[in-house]
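To keep things clear, I will list the structure first and then write my remarks on it.
The values are calculated or read from the model by the stated rules, or taken from the named source; none is laboratory data. Treat the numbers as computed from the prediction; the structure is a model and nothing was measured. Positions of Cβ are backbone-derived with ideal geometry, glycine not excepted, and every protein chain shown enters the neighbour counts. Just so you know, the surface numbers come from the protein's heavy atoms only, side chains and all, with ligands and any DNA or RNA stripped out. Shrake-Rupley method; radii C 1.70, N 1.55, O 1.52, S 1.80 Å.
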Amino acid sequence: MSPSRFAADLRAFGAAALKEWRLLRRYPSLFVGFLFWPIALPVAYVFQARGYAGDSDAALDAFAARAGTAEVAGFLFLGWAAYMWISMILWGPGTALRTEQVRGSLEALFMTPASRLVILFGPAVSQVVWALWMFAIVAATMTLVFGVDLAVASALRALVVIGVAVPALYGLGALFAAVVLRFGEVSALVQTVRGVFTVFCGMSFPIVILPEWGRAVALALPPTYLIADLRRVLLAGSDLAAVVPDLAVLLSLGLLLCAAAVVAFRRTERYARRGGSLASY
């Protein structure tokens, strides 16, 4: 790619991100509404866990032995925070393309010379704002309400884990975008995949309690490593060296998913162009 083409793509990427940011600014009440789910969903599980355990030290010891931490609230909040971030990514690129399709502007968008990466991920940049807002709410609730100690060094290690997970998660998002081009709808598939992640990836329980075949499925899914490593560095005090094997697997899965997404997106784009379905919904 020539320097001038790269610079043009950067400008297009910035323009797509700026458009989405202006839409967010137009509806600031959405940020207030987003206060509810990052707190309410995990809090319900925390109260449920406390209700089942009662004041039993044996129950807490059994949980700590399986989960690697005695911080029940922190364990659940991190699991559901990761789930909500993953959900935003799964909906992101595909939903952005679907929105353009319904508006009738998708065909014109694909006629521009901009890189397909701009079309896929330019609008998704606004999700970073949502993710930062959500993680700030979760961190504040864990610290102020449940007394979970989050050290600065641990938070920095968590950012590294999140950074390594980005290729895998956005690769999944790009695959869903390819589904939008092919079938025009992604809602049912997103709901199915989110359900699979909830069952197998340990969002509300340690995966060691799964049967052997369930653990095998869990270890093939990227969110399993993201959630487990966030808990290890934030709650168990592990350093990055301790999670390097997991991060290597997560990065490998990310490269595979990104490569698969590129192939799938190119093929579905050619299919949509031949059939004239870019503007159909």
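Near Ser238, the amide H atoms lying under 5 Å from its own belong to Val233; only residues 5 or more places off or on other chains count, and H is placed 1.01 Å from N. What the phi angles of the stretch 168-177 give under the Karplus curve with 6.51, -1.76 and 1.60, with θ = phi - 60°, is a coupling list of 5, 6, 6, x, 4, x, 5, 4, 5, 5 Hz, glycine and proline written as x. In this simple spin-label approximation, Leu60 and Ala15 carry label points 7 Å from Cα along the Cα→Cβ vector, and these lie 5.9 nm apart.
Remark on the stretch 23-100: hydrodynamic radius 15.0 angstrom, per the Kirkwood mean of 1/r across alpha carbon pairs.
From helices alone, the chain scores -26500 deg cm²/dmol at 222 nm; the rule is -39500 (n - 2.57) for each run of n ≥ 4 DSSP H residues, then divide by the residue total.
If a/c stays under 1.5 just call it rounded; otherwise compare a/b with b/c (prolate if a/b is bigger, oblate if not). Do that for the stretch 74-178, with a ≥ b ≥ c from the square roots of the Cα gyration tensor eigenvalues. Cα axes put the stretch 74-178 in the prolate bin.
For the pair Val160 and Ala260, the difference between a 0.36 nm per residue extended length and the Cα-Cα distance amounts to 33.6 nm. The overall shape of the stretch 113-239 is oblate: from the C-alpha gyration tensor, with semi-axes ordered a ≥ b ≥ c, the ratio a/c is 1.5 or greater and a/b is no larger than b/c. The Cα center of the stretch 56-103 and the Cα center of the stretch 223-248 differ in position by 15 Å. Taking every protein chain into account, the accessible area of the chain amounts to 51 square angstrom per residue (probe 1.4 Å). For the stretch 222-232, putting each phi into the Karplus relation 6.51 cos²θ - 1.76 cosθ + 1.60 with θ = phi - 60° gives couplings of x, x, 4, 6, 4, 5, 4, 6, 4, 5, 5 Hz, in residue order, rounded to whole numbers and with x for Gly and Pro. Within the listed set Phe47, Phe13, Phe135, the residue fluctuating most in the Gaussian network model of the chain (springs between alpha-carbon atoms under 10 angstrom) is Phe47. Using R0 = 25 Å, the C-beta based FRET efficiency linking Ala242 and Val217 works out to 0.55.
Note on Met111 and Leu144: the model spin-label points, each 7 Å out from Cα along the C-beta direction, lie 5.1 nm apart.
I want to verify a result. In a Gaussian network model of the chain, Cα cutoff 10 Å, which of these has the top mean-square fluctuation: Gly202, Gly14, Gly92? The residue with the greatest mean-square fluctuation here is Gly14. Comparing Arg182, Arg232, Arg50 in a Gaussian network model of the chain (Cα springs below 10 Å), the most mobile by mean-square fluctuation is Arg50.
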